[in-house]
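The values are calculated or read from the model by the stated rules, or taken from the named source; none is laboratory data. Note that the structure is predicted; figures quoted are calculated from it, not measured. Positions of Cβ are backbone-derived with ideal geometry, glycine not excepted, and every protein chain shown enters the neighbour counts.
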Amino acid sequence: MKLVTWNTQWCRGLDGLVSPRRIVAGAQALAGEGGFDVLCLQEITQGYPGLPGAPGDQPAELAELLPGHQLFFGAAVDEFTPGAGGRLQRQRFGNLIATRLPVLQVRHHPLPWPAEAGVPSMPRMCSVVTVRHATLGPLRIMTTHLEYYAPRQRHAQAEALAALHGAANDLVAAPPTRAPGDTGSPFQLKAHTPHAVLCGDFNFEPDSAEYRAIQAAPARAGLHDAWPLVHGDKPHPPTFRLFDRTYGPEPISCDFFFVSQSLTTQLKALRVDLDTQVSDHQPMMLVLG
């Protein structure tokens, strides 16, 4: 099973060109033969013609580029602002999960947005799609993009992600029962699984308090950074500011795959494309056995 995560900067390359097609091609190239089973993208836009490069309806464009995949767009920002002729224009910005695997459940969880004066910020969320894999069975795919400017918010969001995973594990241990006489109502039984992958742009580094907060739960019930599980003591590769130093003087590692304890023995490979420049972040691919 191959999963790719990528902060796309609304599919804008360092050359200024906005191209969802290049993002899809780059993700497929990283996945190699057979392509990816799951693609998790951050900073996908709809209704923001004023952004550099004038992106269009990117969920629709990506759907056309990914035949055979189901796409699920989780808009952390979903608002209406004055547009042409004074009409209100809907603007959406967030995460997208595309998969060719059977989908069992979709949920979008708003993350905390506590007040933090004096710094820019926006709403953030975690999109969760539960898929069925032929050998692993049900598996929760979670993707997110945490706050960049506001450290208090980012820490609260990291703690919330750990809590979301913990709550899902609680449902595995104590699942709801079938409602009396249920014939397919919203109370019908759901797929609860201990298998989970959390990925995205976390805007923190491996030595941060937020990095530790996501992994603070007991090992059997918590999340684990996949990089050291695959590569041991080898340092995390840079995933941001590798070619463009607009946001800081040195490259950093802030994009991660975290996995549940139940998947730690299923990790086969974890790679980063350190060459592409079709976004300001580098994409990562995780292979599960």
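Among the residues of segment 94-101, are any farther than 21 Å from H145 by Cα, touching a residue at least 40 places away in the same chain (Cβ under 8 Å) and either within 19 Å of the chain's Cα centre (by Cα) or in a loop (DSSP other than H, G, I, E, B) (or both)? Give the derivation first.
Kept after step one, since they are farther than 21 Å from H145 by Cα, are these residues of segment 94-101: 100-101.
Going one step further and asking which of them are touching a residue at least 40 places away in the same chain (Cβ under 8 Å), we end up with 100-101.
Going one step further and asking which of them are either within 19 Å of the chain's Cα centre (by Cα) or in a loop (DSSP other than H, G, I, E, B) (or both), we end up with 100-101.
Yes, the conditions are met somewhere in segment 94-101.
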Exercise. Restricting the search to segment 60-91, which residues are over 27 Å from A134 (Cβ atoms), under 16 Å from the mean Cα position of the chain (by Cα) and either among the aromatic types (F, W, Y) or surrounded by fewer than 21 Cβ atoms within 10 Å (Cβ to Cβ) (or both)?
Worked result: V77
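Residues that are in contact with a Gly (Cβ under 9 Å, 6 or more places away or on another chain), at least 2 per element: which strands (runs of 3 or more DSSP E) completely within segment 178-280 meet that?
Those strands (runs of 3 or more DSSP E) span 255-260, 267-272.
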For this session: Scan segment 130-151 and give yes if some residue there is in contact with a His (Cβ under 8 Å, 6 or more places away or on another chain), surrounded by fewer than 23 Cβ atoms within 10 Å (Cβ to Cβ) and of a type in the set (A, V, I, L, M), otherwise no.
Result: yes
For this session: Determine whether segment 40-52 contains at least one residue that is in contact (Cβ under 8 Å) with a residue 60 or more places away in the chain and surrounded by fewer than 18 Cβ atoms within 10 Å (Cβ to Cβ).
Result: no
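Going by what's in this entry, would R212 be described as free of Cβ contacts under 8 Å to residues at least 12 places away in the same chain, within 30 Å of L14 (Cβ to Cβ) and not polar (S, T, N, Q)? Reasoning before the result, please.
Numbers: free of Cβ contacts under 8 Å to residues at least 12 places away in the same chain: yes; within 30 Å of L14 (Cβ to Cβ): no; not polar (S, T, N, Q): yes.
Against the criterion (free of Cβ contacts under 8 Å to residues at least 12 places away in the same chain, within 30 Å of L14 (Cβ to Cβ) and not polar (S, T, N, Q)), R212 does not qualify.
Looking only at residues in segment 164-196 that are among the hydroxyl-bearing types (S, T, Y) and modelled with pLDDT of 90 or more, which one is surrounded by the most Cβ atoms within 10 Å (Cβ to Cβ)? Step through it out loud before you land on a result.
Filtering segment 164-196 down to residues among the hydroxyl-bearing types (S, T, Y) leaves 177, 183, 185, 193.
Right, trim to modelled with pLDDT of 90 or more and you get 177, 185, 193.
On the way: T177: 8, S185: 8, T193: 22.
Filtering segment 164-196 for residues that are among the hydroxyl-bearing types (S, T, Y) and modelled with pLDDT of 90 or more, the one surrounded by the most Cβ atoms within 10 Å (Cβ to Cβ) comes out as T193.
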Seminar exercise, completed: Those residues of segment 61-93 which are in contact (Cβ under 8 Å) with a residue 40 or more places away in the chain and not in a strand (DSSP E or B) amount to E61, L62, L65, L66
For this session: Mind counting the residues in segment 137-155 that are within 16 Å of M122 (Cβ to Cβ) and part of a strand (DSSP E or B)?
Result: 2
